[in-house]
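Reading through the structure tokens given below for one structure.
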Amino acid sequence: MTDPAIAAKGLRKSYGDKTVLDGIDLTVPAGTVFALLGPNGAGKTTAVTILSTLVSPGPGSGEIRVGGHDLATEAQAVRAAIGVTGQFSAVDGLITGEENMLLMADLHHLPRSEGRRVTAELLERFDLVEAAKRPASAYSGGMKRRLDIAMTLVGGPRIIFLDEPTTGLDPRSRHTMWGIIRGLVADGVTVFLTTQYLEEADELADRIAVIDGGRIAAEGSAEELKRIVPGGHVRLRFTGPDAYRSAASALAGATHDDEALSLRVPSDGSQRELRSILDRLDDAGVEADELTVHTPDLDDVFFALTGPATTGSAPVPAQNDRPKENTR
């Protein structure tokens with residue numbers, strides 16, 4: 001069995017009497033996207049700075065391993081295995097995009113020819129060839145973010161920390177960034193992502209941990225998290241009153257809408273519960289004309305599991321209001 005890319009037990013950090021991380025456990029399988037989701041001040045960035053060796057964990061933290069290396073005793077080996085793109089761009093606006101890349105290659109002690117080869121490949125991969133000779137200060141926000149991640153990849157890291165990488169980007173640039181992240185994972189890279197964009201976590205993450213007040217409030221896949229919040233239901237609509245009345249008799253506990261000839265049955269949206277509902281309709285000799293399944297989305301999960309943002313800033317909602325119902 002492959003060792004996880006990141007494994008932390010009882011991760012703690014305090015600043016004075018302010019507890020930022022209160023003994024959290026994290027396990028991130030290799031080659032996946034793990035999203036740490038939470039309001040401002042919940043501890044997301046602190047977790048990234050500790051796991052990337054920028055800040056020491058607090059007293060009482062258990063063993064932390066990143067890339068198979070012990071964070072406490074092999075920090076340099078951890079640094080060699082990771083790349084970090086923080087909330088604020090590391091791009092130097094006074095020099096060109098290409099020069100930023102070559103500078104990063106020098107910092108990684110790559111031979112000059114190798115540095116130029118890697119730079120050319122990454123500029124091509126991130127669609128920055130035409131802008132490569134221009135000062136980075138002239139780049140758009142999306143271009144700077146692409147350059148930032150390209151610079152992170154110069155050293156060939158197998159684990160990348162992306163701390164709110166799409167904050168401030170327009171929807172088109174955000175979707176471009178999502179494609180880049182998917183491409184990294186397809187190449188076997190592990191991505192540790194922090195975000196406040198609920199849609200982003202839903203789209204990208206294999207697993208999501210919701211952090212609030214320095215503690216993990218819940219963890220699982222997006223679908224697993226949605227099922228822990230009440231409010232899911234199945235809506236059944238009928239065109240004939242006889243079928244509607246028969247279904248209402250067969251489905252005890254359903255909410256009736258006599259005008260619309262529809263029933264709303266509490267459900268977590270699982271295959272087992274759907275089968276149970278359909279079996280009861282079959283036993284009654286009734287067929288619904290329309291069936292829709294509503295499960296809570298990550299907005300519902302976020303607000304159910306987290307308190308007010310500790311910095312006073314509201315969490316950033318998803319850019320697009322996607323339908324919560326899937327009709328079949």
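The table below lists the values:
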{"quantity": "Matching residues in segment 156-184 - criterion: being part of a loop (DSSP other than H, G, I, E, B) and either of a type in the set (A, V, I, L, M) or under 15 Å from ALA90 (Cα atoms) (or both)", "calculated": "GLU164, PRO165, THR166, THR167, LEU169"}
{"quantity": "The listed residue being touching a Ser or Thr at 6+ places or on another chain (Cβ under 6 Å) and either under 30 Å from ILE216 (Cα atoms) or at pLDDT below 95 (or both), out of GLY142, GLY43, GLY67", "calculated": "GLY142"}
{"quantity": "Those residues of segment 238-253 which are in contact (Cβ under 8 Å) with a residue 12 or more places away in the chain and either crowded, with 17+ Cβ neighbours inside 10 Å or small (Gly, Ala, Ser) (or both), in sequence order", "calculated": "PHE238, GLY240, ALA243, TYR244, SER246, ALA247, ALA248, SER249, ALA250, LEU251, GLY253"}
{"quantity": "Meets criteria (in contact with a Phe, Trp or Tyr (Cβ under 9 Å, 6 or more places away or on another chain) and either among the acidic types (Asp, Glu) or within 28 Å of THR32 (Cβ to Cβ) (or both)) for ALA205", "calculated": "yes"}
{"quantity": "Selected residue (criterion: nearest to LEU122 (Cα to Cα)) from residues of segment 200-217 that are surrounded by 21 or more Cβ atoms within 10 Å (Cβ to Cβ) and out of contact with any strand residue (DSSP E or B) (no Cβ under 7 Å at 6 or more places or on another chain)", "calculated": "GLU200"}
{"quantity": "Single residue of segment 223-236 satisfying the filter (within 17 Å of the chain's Cα centre (by Cα) and buried (at least 21 other Cβ atoms within 10 Å of the Cβ)) that is nearest to ALA42 (Cα to Cα)", "calculated": "LEU225"}
{"quantity": "Among the residues listed as GLY67, GLY83, the single one being touching a helix residue (DSSP H, G or I) at 6+ places or on another chain (Cβ under 8 Å), touching a residue at least 60 places away in the same chain (Cβ under 8 Å), on the phi < 0 side of the Ramachandran plot and surrounded by 21 or more Cβ atoms within 10 Å (Cβ to Cβ)", "calculated": "GLY83"}
{"quantity": "Subset tally (residues that are farther than 23 Å from SER267 by Cβ and among the basic types (Lys, Arg)) for segment 211-246", "calculated": "1"}
{"quantity": "Among the candidates LEU110, LEU123, residue that is outside the structural domain of PRO165 (by TED's automatic domain parsing) and under 27 Å from the mean Cα position of the chain (by Cα)", "calculated": "LEU123"}
{"quantity": "GLY58 touching a helix residue (DSSP H, G or I) at 6+ places or on another chain (Cβ under 8 Å) and part of a loop (DSSP other than H, G, I, E, B)", "calculated": "no"}
{"quantity": "Only one of GLU130, GLU74 that is of a type in the set (D, E, K, R) and either more than 20 Å from ARG172 (Cβ to Cβ) or within 30 Å of the chain's Cα centre (by Cα) (or both)", "calculated": "GLU74"}
{"quantity": "Residue in segment 111-129 that is outside any loop (DSSP other than H, G, I, E, B), aromatic (Phe, Trp, Tyr), within 28 Å of GLU203 (Cβ to Cβ) and in contact (Cβ under 8 Å) with a residue 24 or more places away in the chain present", "calculated": "no"}
{"quantity": "Matching residues, segment 72-96, being in a helix (DSSP H, G or I) and of a type outside the set (D, E, K, R)", "calculated": "ALA75, GLN76, ALA77, VAL78, ALA80, ALA81"}
{"quantity": "Enumerated helices (runs of 4 or more DSSP H) restricted to segment 227-328, each holding at least 3 residues that are under 26 Å from ILE208 (Cβ atoms) and modelled with pLDDT under 90", "calculated": "271-283, 298-305"}
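The values are calculated or read from the model by the stated rules, or taken from the named source; none is laboratory data. Everything numeric here is computed off the predicted structure, so don't read it as measured data. When we count neighbours, we look across all protein chains shown, and the Cβ atoms used for this are built from the backbone with ideal geometry, even at glycine.
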